[in-house]
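Written below as structure tokens is the structure these notes are about.
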Amino acid sequence: MWLRVSCYLMFELEVPTPFILMLRPRSGAQQWIAREEYKISPMVTVTEHTDVYGNLCQRLIGPPGNFSIRTTADVYTADLVDVNPGAPFVEIQYLPDAVLSYLLPSRYCESDHFNELAMSVTANRLPGYDQVAAIEAWIHETISYIPGNCGFPISAVEVNQRQAGVCRDLAHLGIALCRSLSIPARMVVGYLNQLQPMDLHAWFEAYVGGRWYTFDATQSGSKGGYVALGYGSDATDVAVFNQFGPLVYPLQQVVRVEQLEIDL
């Protein structure tokens, strides 16, 4: 399907404020970027780099006063996410070097706390994809999903204690459970078609059967319409904006996803 995704951020800054943004999707195996617009008002000098996870990041200094960022992209993405029941667990010695870091505990995914729970949730499942599918289903059925935006991430341990969280928090728990079984898992942030209420979204991917597969405990079924902006070990790595100096929140944050009826 063709999607038009957009994000508008408006800030009121008191002093010149450095930002690192992650608002440009990149083309890859799961999505193709056909057109982009990136508007900053007032216009300032912007430099771009690729971080250690391959994400496109923009650096700038926002001037005092009203400062806005508007991005739009036309993206071709799958109607349904790929599923592959029975895809095998990849033994550690055969994992690609770039995947190894996603086995380790991280700030919000304390995988060393979850081995017993993960073994219980995945009992009698084939190692690999079927274990991750069981984790996804268990989170969907057990942890209350609270749509909306929460200012501060919570860790997988806290999510399990509270038995509730936003999309980002449920992804943290899924990642921690996977890593506790030595299945590489990473967080993804981006857009999801027909998400209600519409906002930026987070989900996770697991590496089984020699590739990454999408899992999202907040949704039912294998519907597609995902557009990734960034990948990382947890929420620390995938913030769509980081600002430095006096803490500011957007005065406005508007996210839209529109399905295009005709090919571009």
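The values are calculated or read from the model by the stated rules, or taken from the named source; none is laboratory data. If you're wondering where the values come from, they're calculated on a predicted model, not measured in any experiment. Cβ placement follows ideal geometry from the backbone for every residue including glycine, while neighbour counts extend to all protein chains displayed.
Would you check which residues across segment 55-79 are assigned to a loop (DSSP other than H, G, I, E, B), within 23 Å of Gly28 (Cβ to Cβ) and at pLDDT 95 or above and list them? Please lay out each step first, then the result.
Of the residues in segment 55-79, the ones assigned to a loop (DSSP other than H, G, I, E, B) are 55, 63-64, 78-79.
From the residues that got through so far, the ones that are within 23 Å of Gly28 (Cβ to Cβ) too are 55, 78-79.
Listed by number, the list holds a single entry, Asn55.
Here's the yes/no breakdown for (1) farther than 23 Å from Ala235 by Cα; (2) in contact (Cβ under 8 Å) with a residue 40 or more places away in the chain:
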position: Phe67; (1), (2): yes, yes
position: Thr77; (1), (2): yes, yes
position: Glu91; (1), (2): yes, no
position: Leu95; (1), (2): yes, yes
position: Tyr102; (1), (2): no, yes
position: Ser120; (1), (2): yes, no
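State all residues of segment 142-181 that are closer than 19 Å to Tyr213 by Cβ and of a type in the set (Gly, Ala, Ser); if no residue qualifies, say none.
Scanning segment 142-181 gives Ala171, Gly174, Ala176, Ser180.
Does Tyr53 fit the bill of being crowded, with 19+ Cβ neighbours inside 10 Å, closer than 30 Å to Glu158 by Cβ and of a type in the set (Ser, Thr, Tyr)? Break it down stepwise before answering.
On the way: crowded, with 19+ Cβ neighbours inside 10 Å: no; closer than 30 Å to Glu158 by Cβ: yes; of a type in the set (Ser, Thr, Tyr): yes.
So Tyr53 does not fit the description; no.
Please work out which residue is nearest to Tyr207 (Cα to Cα), limiting yourself to segment 98-149 and to residues that are assigned to a strand (DSSP E or B) and among the polar types (S, T, N, Q).
Ser106
Yes or no: Val238 under 30 Å from Val15 (Cβ atoms) and either touching a residue at least 60 places away in the same chain (Cβ under 8 Å) or in the same structural domain as Cys7 (by TED's automatic domain parsing) (or both)? Give the steps one after another, and end with the answer.
Numbers: under 30 Å from Val15 (Cβ atoms): yes; either touching a residue at least 60 places away in the same chain (Cβ under 8 Å) or in the same structural domain as Cys7 (by TED's automatic domain parsing) (or both): yes.
Yes, satisfied.
Every residue, every condition in (1) under 29 Å from Leu170 (Cα atoms); (2) in contact with a Pro (Cβ under 7 Å, 6 or more places away or on another chain); (3) loosely packed, with under 13 Cβ neighbours inside 10 Å, yes or no:
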| residue | (1), (2), (3) |
| --- | --- |
| Gly65 | no, no, yes |
| Leu104 | yes, no, yes |
| Arg107 | yes, no, no |
| Ser111 | yes, yes, no |
| Asn115 | yes, no, no |
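Would you pick out the residues in segment 230-259 that are of a type outside the set (D, E, K, R), surrounded by 12 or more Cβ atoms within 10 Å (Cβ to Cβ) and either touching a His at 6+ places or on another chain (Cβ under 6 Å) or part of a loop (DSSP other than H, G, I, E, B) (or both)?
We begin by selecting, within segment 230-259, every residue of a type outside the set (D, E, K, R); these are 230-233, 235-236, 238-255, 257, 259.
Cutting the leftovers down to surrounded by 12 or more Cβ atoms within 10 Å (Cβ to Cβ) gives us 230-233, 235-236, 238-243, 245, 248, 250-251, 253-255, 257.
Within segment 230-259, Ser233, Val238, Ala239, Val240, Gly245, Val248, Pro250, Leu251 qualify.
Evaluate segment 105-117: report whether one residue or more is under 30 Å from Pro250 (Cα atoms) and touching a His at 6+ places or on another chain (Cβ under 7 Å).
Within segment 105-117, one or more residues are under 30 Å from Pro250 (Cα atoms) and touching a His at 6+ places or on another chain (Cβ under 7 Å).
Given the residues Gly190, Gly245, Gly230, Gly224, which is the only one that is under 30 Å from Glu48 (Cα atoms), under 17 Å from the mean Cα position of the chain (by Cα) and at pLDDT below 95? Quick ask: steps written out before the conclusion?
Details: Gly190 fails: at pLDDT below 95; Gly245 fails: under 17 Å from the mean Cα position of the chain (by Cα); Gly230 fails: at pLDDT below 95.
The match here is Gly224.
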